[in-house]
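Trainee: Just passing along the structure, written as structure tokens.
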Amino acid sequence: MVAKLTKGFWSKTARIILRNRILILCVVAGITVFLAMQWDNMRFSNSQANLLPDDHPVNLEYQKFLNQFGEEGNTVVFAIKDSALFTPENFNRWNKLSKQLGAFPEVEFVLSTDNLQELVKDTVEQKFVMRPLIKSSPKSKAEVDSITQHLFNELPFYDNLIYNKESGTIRTVMYLDKDIVNTSVRKDFILKDLSHLIARFEKETNLEVHISGMPYVRTMNSQNIIDEIGKFILAALGVTSLIFFFFFRSFRATFISMCVVIIGVMWAFGVLGLLQYEITVLTALIPPLIIVIGIPNCIFLINKYQQEVKKHGNQALSLQRVISKIGNATLMTNITTASGFATFIITDSKLLKEFGIVASINIIGIFILSLLIIPIVYSFLSLPKTRHLKHLNKKWIDAFVSWMENIVRYKRISVYIVSICLLVVSIIGIYQIDISGSPIEDMPKKAEFFQDIRFFENEFNGIMPVEIVVDTKNPKGVMKPATLKRMDQLGDVVAEIPELSPSLSVVNLVKYSKQAFYNGIPKYYQLPTSQENTFIMDVARKSSSEGNLLKSFVDSTGQVARMTTYMRDVKTSRMEKIEERLLENIHKIFPEERYSVYMTGSALLFLKGTKYLVKNLVMSLALAIGLIALFMAYLFRSFRMIVISLIPNVLPLIITAGIMGFIGVPIKPSTILVFSIAFGISVDDTIHFLAKYRQELESKKWQIKKSVYAALRETGVSMFYTSIVLFFGFSVFIISNFGGTVALGALVSATLLFAMLANLILLPSLLLSLEKSIANKKTLKEPQIDILPQDGEND
């Protein structure tokens, strides 16, 4: 029924396209202009990628924390590790820098040696007061040494916050206005004002300033992503055009194809702007993807056009056959590719949904552009010259096709043995794959900001915040001695974990209060005993300065407290063990009937998000395979044909996963996309081959062997061309500074190479081995979708 309805559809489509050439070109130009106008609505993501859905329990806990204590990732830190800092000139210039930072409206507060306050007891009024550490600018080296010695030896409260006693590193902590942390204001402030201020300081003092903190790291990393989008688009265009020209030896064909994919890229940016989606780490991949996915469309269409011209030299008939014969197969391949990306839409992750929507829309868009522009443009041009058709007779191409044909004809058993061996070895490799949930692992290792991350990890144990939230279930329950003692016990556990910095909480403030009560003697930096607690807390209650400090650590009701620690960049397995150890101790120290304690923070959020992403992408890949299996069933109505079509596409994915396990490439947000991208693209070759194979079955009266070899010779060249273009197209990502992007490019390229060999060698071998089962006219004679040549159009 469907076959009858669609019979003649592509012939009619060809006539409509070729009879309305000017109108269609004007419509395409109009849409392009409209979408180009939407570029103004494009914006880059200013917030950290949240891989979890909004209603996920981990996300809800994080939002609850933000509501109680505000944005946790709003600190930017500056540090100097150089004895030259401790001269009066440089030390005073360092303090001046802190004043300059604090003067910016984007900055909420700066904590540095310039404005450091010392908690002391006012013996007259019996209360704690804050007094400045530096009363006047030091004028001699002795005065600077006196200040630093007092800071290092007598103020343990600031240890690991403002200084590292062992290395002599001094740090300034800048707290950005929480309202701008996830906006473009933050980016502009850091890239313009802050960068210029630090550069001027370094020039005047000859001191190296190390800068870090999540707002700074995210800004610099985003800028690197923005810089690389343009680089990859140019590189992808350059590489694919060179290879395209090498195959076709035609400037005209190359130029037309480049114009098609450039318009496709313009549409991709326009769709992002039209839908008002942010450019994230995933959507940034779409423009280069459109180039490498669009070029194969151009190759199949132009190659078919040149084959037809070579056969009979009739341009009108050639163009009509390009649309009627290749149009449907190309539509199917693009629908399957788009379906692979569209499966992301069913996930709960906003990041994945937006990526799936934009990618699938633009894949169909690049198909429409290819089908309209290439035949119409060629209809205005003269026939290709003989030299443009020479590539169809290249000896090395013939040799390659003959080599494949010989393997399929005489060495099928060897093909199966090699395939099974690769499958077994790859499965062993898959069991060695790790999952990476580190937000900084993919960042460019040679970038200065990444080197600074490592510096702060060595000096202050990391920059990624981990928050432990303690709910006492009672107003003012935080300040009870039992609660403080339990928090101190947990703080000791945190201090024992080498990958975590010492925790900062209300406990540190209470210890500092006891030290101040005993006239600043460092040995009294400890929790008060039960006897001391009464009168120390009595003094504290009278102190407004103490109350101001408490706001950072305790909520307004005095019921909920936070403990902040910072984590080094560690492997996911280690991060999970740290989390497990902390949770185990939390359950031991805090009875569940009296306390509600949970862990949150951007580091843990990213870890949970990565795991969630893995789970969702495995589901979406399974759904993509299922959809394509249904599509094959609809097309061939044969279970064996479904199996045959899926094997050469699933096997390369398993091989790639095995390679990842053996060479130590972890599963992470960047590399997990490899499988969906590669599967969606590689299945195109299968459809082209099987579509041609079925055409040959019909014309050769169901002779399997002749049909397989004819399909291999006809489609082998185009499949080889497209696979090589895709291989080098994705290989351009290897020039990236980002480890994840390099892995993505290399792995997709490798997978597509394996898929090409599987589709050109394993697929024909399977068809020949199972020929008796699949050569059933009754299952194939009435195709569900008409992809055969129209009446009168047989070759």
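The values are calculated or read from the model by the stated rules, or taken from the named source; none is laboratory data. Model, not experiment: these values are computed from the prediction. Here Cβ is always computed from backbone atoms with ideal geometry, including for glycine, and neighbour counts include all displayed protein chains. Just the protein is used for accessible areas: all its heavy atoms, side chains included, with ligands, DNA and RNA removed. Shrake-Rupley method; radii C 1.70, N 1.55, O 1.52, S 1.80 Å.
Trainee: Place a +1 charge on the Cβ of each Lys and Arg in region 46-197 and a -1 charge on the Cβ of each Asp and Glu, then give the dipole magnitude about the Cα centre in debye, rounded to the nearest 20. Mind showing how you got there, number by number?
Mentor: Values: 17 positive and 22 negative charges, 116 e Å.
Around 560 debye, computed over region 46-197.
Trainee: Give the calculated FRET efficiency between residue 531 and residue 593 to the nearest 0.05, with a Förster radius of 25 Å applied to their Cβ-Cβ distance.
Mentor: Taking R0 as 25 Å, the efficiency between residue 531 and residue 593 is 0.30.
Trainee: Right, something else. Filter 485/588; 411/700; 608/668; 353/611; 192/445 down to the pairs with a C-alpha to C-alpha distance above 19 Å, please.
Mentor: Correct reply: 411/700; 192/445.
Trainee: Follow-up. I'd like the FRET efficiency for residue 451 and residue 92, computed as 1/(1 + (r/R0)^6) with the beta carbon distance as r and R0 of 30 Å, rounded to 0.05.
Mentor: My answer for the efficiency is 0.60.
Trainee: Amide H of residue 118: which non-local residues (sequence gap of 5 or more, or other chain) have their own amide H closer than 5 Å, using H built in the peptide plane?
Mentor: 131, 133
Trainee: Working out 0.36 nm times the residue gap between residue 496 and residue 423, then minus their Cα-Cα distance, what length gain in nm do you get to one decimal?
Mentor: Here the answer is 21.9 nm.
Trainee: State, to one decimal in nm, how far the label point of residue 701 lies from the label point of residue 20, with both points 7 Å from Cα in the Cβ direction.
Mentor: Roughly 4.3 nm, to one decimal.
Trainee: Calculate, in nm to one decimal, what residue 204 and residue 60 gain on full extension: separation in residues at 0.36 nm each, minus their alpha carbon distance.
Mentor: 47.1 nm
Trainee: Still on this structure, I have one more. For a Förster distance of 45 Å, can you work out the FRET efficiency between the beta-carbons of residue 135 and residue 191, rounded to the nearest 0.05? Walk me through the intermediate numbers first.
Mentor: On the way: r = 36 Å, r/R0 = 0.81.
The computed FRET efficiency comes out at 0.80.
Trainee: Write out the trypsin sites (Lys or Arg not before Pro) in region 432-473 meeting two conditions: DSSP loop, and at most 15 other Cβ atoms within 10 Å of their Cβ.
Mentor: Those that pass, being in a loop and sparsely packed, are 445, 446, 473.
Trainee: May I ask you to evaluate 6.51 cos²θ - 1.76 cosθ + 1.60, the Karplus curve with θ = phi - 60°, for each residue of region 168-185 and list the ³J(HN,Hα) values in order in whole Hz, giving x for glycine and proline?
Mentor: x, 6, 10, 10, 10, 10, 10, 9, 6, 4, 4, 6, 9, 4, 9, 10, 5, 4
Trainee: With label points built 7 Å along Cα→Cβ from the Cα atoms of residue 179 and residue 249, find their separation and express it in nm.
Mentor: 6.8 nm
Trainee: Provide the gained length on full extension for the span residue 311 to residue 41, in nm with one decimal, where the gain is 0.36 nm per separating residue minus the Cα-Cα distance.
Mentor: 92.3 nm
Trainee: Go through 137, 272, 172 and say which Cα lies farthest out towards the positive end of the charge dipole of the chain; charges sit on Cβ, +1 for Lys and Arg, -1 for Asp and Glu.
Mentor: 272
Trainee: Determine, for each peptide in 678-690, 214-226, the mean count of other beta carbons within 10 angstrom over its residues, then list the peptides with the highest first.
Mentor: 678-690, 214-226
Trainee: Further question on the same structure: Do the sum for the chain: with -39,500 (n - 2.57) for every DSSP H run of n ≥ 4, divided by all residues, what is the mean residue ellipticity at 222 nm, to the nearest 500 deg cm²/dmol?
Mentor: -20500 deg cm²/dmol
Trainee: Using Cα positions and a limit of under 20 Å, work out the aspartates and glutamates in reach of residue 480, with same-chain residues fewer than 8 apart set aside.
Mentor: Straight-line reach from residue 480, under 20 Å: 471, 488, 492, 532, 538, 546, 555, 592, 593.
Trainee: Output the peptides 290-303, 651-664, 582-595 sorted from most to least packed, where packing is the average of other Cβ atoms within 10 Å over each peptide's residues.
Mentor: 290-303, 651-664, 582-595
Trainee: In the chain, which whole DSSP H runs stretch at least 30 Å along their own axis (Cα) and average 0.0 or higher on the Kyte-Doolittle scale?
Mentor: Numbers: long enough: 214-248 (49 Å, 0.97); 251-274 (34 Å, 2.00); 286-312 (40 Å, 0.51); 350-380 (45 Å, 1.85); 602-636 (49 Å, 1.59); 639-663 (36 Å, 1.96); 673-699 (40 Å, 0.42); 704-731 (37 Å, 0.79).
Membrane-span-like by this criterion, though nothing is claimed about a membrane: 214-248, 251-274, 286-312, 350-380, 602-636, 639-663, 673-699, 704-731.
Trainee: Let me know the charge dipole size of the chain about its Cα centre in debye, to the nearest 20, where only the beta-carbon of Lys, Arg (+1) and Asp, Glu (-1) is charged. Kindly include the intermediate steps, with their values, before the conclusion.
Mentor: Working: 84 positive and 69 negative charges, 791 e Å.
Result for the chain is approximately 3800 debye, rounded to the nearest 20.
Trainee: Here's a follow-up. Over region 611-673, with the other protein chains present, what is the accessible area per residue in square angstrom, probe 1.4 angstrom?
Mentor: 38 Å²
Trainee: Right, here's the next one. Given contacts defined as C-alpha pairs under 8 Å and at least six residues apart, what's the relative contact order of the chain, whole-number percent?
Mentor: 19 percent
Trainee: Moving on. Return the long-range amide H neighbours of residue 108 (sequence gap of 5 or more, or a different chain), with a cut-off of under 5 Å between placed amide H atoms.
Mentor: Here 175, 176, 177 satisfy the definition.
Trainee: Can you find, among 424, 410, 440, the residue sitting farthest towards the positive end of the charge dipole of region 400-458, where Lys and Arg contribute +1 and Asp and Glu -1 at Cβ?
Mentor: Going by the charge dipole, the pick is 410.
Trainee: Then there is this: For residue 668, enumerate residues with amide H under 5 Å from its amide H, sequence gap 5+ or separate chain, H modeled in the peptide plane.
Mentor: Result for residue 668 returns 436.
Trainee: Given the pairs 350/615; 96/141; 178/514, which are separated by over 23 angstrom at their Cα positions?
Mentor: 178/514
Trainee: Okay, next question. Please report the relative contact order for region 86-198, taking Cα pairs under 8 Å with a sequence separation of at least 6, and give it as a percent rounded to a whole number.
Mentor: 30 percent
Trainee: Going toward the positive end of the dipole of the chain, with +1 on Lys and Arg Cβ and -1 on Asp and Glu Cβ, which of 291, 214, 489 do you reach last?
Mentor: Of 291, 214, 489, it is 291.
Trainee: Considering only protein heavy atoms and a 1.4 Å probe, what is the carbon-and-sulfur percentage of the accessible area of region 589-742?
Mentor: 65 percent
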